[in-house]
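Just below is one structure, and these are the notes that go with it.
Derivation of every value follows stated rules applied to the coordinates shown; laboratory data play no part. Treat the numbers as computed from the prediction; the structure is a model and nothing was measured. Note that we place each Cβ from the backbone using ideal geometry, even for glycine, and neighbour counts take in every protein chain shown.
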C-alpha cells in the first residue's frame with residue numbers, strides 16, 4: 001500500500017463515500033465481506049481520496065500484514081509500537097491495517113490505538129469470523145462495520161464500458177459471470193472464469209470454514225452449498241436439507257446443518273434473509289431464504305446449467321437492495337408472498353422481481369400480492385423487459401431492471 005492506486009483498479013464510489021461519511025467518527029472502521037471482493041483496494045482508494053483532499057502523506061500509516069515485508073508487525077507489541085512511533089505529533093493520522101487477523105491478539109492492539117484521539121482507524125481482514133461476530137463482541141461500542149460486496153451491476157458496467165454492450169446485454173452477462181473484480185479482466189474467457197470461481201469456492205470452504213471450525217469433511221459443506229445455490233428464492237427448511245443430503249448417500253444431523261448454515265453465512269458466501277409479515281409488521285420465524293453473495297458462484301457450485309435467470313435476477317436485486325436500504329426481508333401478505341420488503345427511515349418499499357411479464361398470466365401473478373397491501377408505501381415490479389417499463393398498474397410501477405440497477409444507491 002505504499003503506491004497510489006493504478007488505473008486498472010475498479011472504482012467503488014459507494015464504499016468510498018461510506019468511509020468518507022464515517023471519517024474521524026472516533027470508531028474503528030471494520031470492512032467485512034467475502035474473499036477478494038476488493039476490501040484491500042478500497043483502503044487504497046480511500047487513502048488516495050484523503051491525499052487529494054489535502055491530507056499529508058506522513059499522516060497516512062498503512063500496513064498490509066499479508067505482505068512479507070511487514071511480517072515483523074504480526075506481533076501485537078510490534079504493530080502497536082509501529083503505529084505509535086509514526087503518530088507522535090498532534091496531527092490527525094489515518095491508520096490502514098490490512099489483513100489484521102494475521103496479528104496475534106489484534107483486538108487488543110485496536111482497542112489501545114482507538115484510545116488515541118489523533119488516530120482514525122480503518123481495518124480489513126480475510127477471516128469473516130474474526131471480523132464479524134467476534135470482533136463486534138471484543139470491541140463493543142468501538143467499531144463501525146461496513147459490509148462490502150462484489151461489484152454492483154453499475155460498477156461492473158462502468159468497468160466494462162469499452163465493450164459497448166447495451167444495458168440489457170450487459171445485465172445478462174453480469175448474471176452469468178458475476179461481479180468479483182478479478183473477473184472483469186478475463187470476462188470473455190469462460191474457462192478462466194470457471195477456474196476462478198472454483199478456486200474461490202475452495203478457499204472459502206477450506207480456509208474460512210473448515211479450518212476455523214475444524215471440519216474434516218469439506219465435501220459435505222460443498223453439498224450443502226450446492227443445495228442452497230439451487231434453491232435461491234425458495235424457503236429453506238433445515239429438515240429438508242437433511243433429507244436432501246441423506247438422499248445423496250451422506251448422513252448429517254440437524255444441529256450440524258444449523259452450524260454449517262451459520263458458517264456459510266459468516267463467511268459471506270450466502271446471506272440469510274428472514275420473512276416479514278407485512279400486515280402485522282413483524283418477523284416470521286423459521287421461514288428463511290438464502291442468497292449467494294455473487295451470482296457468478298452459481299455455475300461453480302452446481303453441476304446443472306443456469307436456466308432460471310429469473311432466480312439470478314432476484315438474487316441481484318436483493319444484493320442491490322441491501323446496498324440501498326438498512327433492512328431487507330421477504331414479505332408475506334396473507335397467503336401470498338412479496339419478493340422483498342425494504343425498510344428505510346422513510347418507511348417501507350415493496351418489490352416484485354420477474355425476468356419477464358410479457359405473458360399476461362405472469363403479469364397477473366406478479367401483481368396479485370400488491371392488491372392485498374393496505375398501506376401507501378411505494379410498490380415496484382422489476383423486470384428485464386425493456387418494453388413496458390414505466391407502466392403503472394394501480395400504484396405499482398414497472399421498472400426496467402438494467403436501468404434501475406444503475407441508479408445511485410440511496
DSSP bridge pairs, the stretch 283-410: antiparallel proportion in percent, nearest 5: 55
Fewest-first sequence of 30, 201 by Cβ atoms within 10 Å of each Cβ: 201, 30
Cα-Cα separations in the chain greater than 30 Å, expressed as whole percent: 46
Paired Rg and Dmax values of the stretch 13-147, which use every Cα atom, in angstrom: 13.6, 36
Label-point gap, in nm, between residue 81 and residue 386 - each point 7 angstrom along Cα→Cβ: 6.4
The chain: relative contact order in percent, alpha carbon pairs under 8 Å with at least 6 residues between: 13
Acute angle (nearest 10 degrees) that the helix 39-52 long axis makes with the longest principal axis of the chain, alpha-carbon atoms: 60
Extension gain from residue 404 to residue 324, taking 0.36 nm per residue of separation minus the Cα-Cα distance: 27.6 nm
Nearest 10 degrees, 0 to 90: helix 190-203 Cα axis against the chain principal axis: 60
Prolate/oblate/rounded call for the stretch 169-254, Cα gyration tensor, a/c under 1.5 rounded: oblate
Shape call, the stretch 362-410: gyration tensor on alpha carbons, a/c limit 1.5: oblate
Gained length - residue 279 relative to residue 259, 0.36 nm times residue gap less alpha-carbon distance: 4.0 nm
Helical mean residue ellipticity (222 nm; -39500 (n - 2.57) per DSSP H run of 4+; nearest 500) of the chain: -10500 deg cm²/dmol
Cα-projected label distance for residue 345 with residue 240, points at 7 Å along beta-carbon direction, nm: 3.9
5 Å binning of all Cα-Cα separations within the stretch 242-366, expressed as whole percents from 0 upward: 2, 9, 15, 19, 19, 17, 11, 5, 2, 0
Angle in degrees between helix 13-22 and the longest Cα principal axis of the chain, rounded to the nearest 10: 60
Inter-probe distance in nm under a simple model that places probes 7 Å from Cα toward Cβ, at residue 169 and residue 337: 3.5
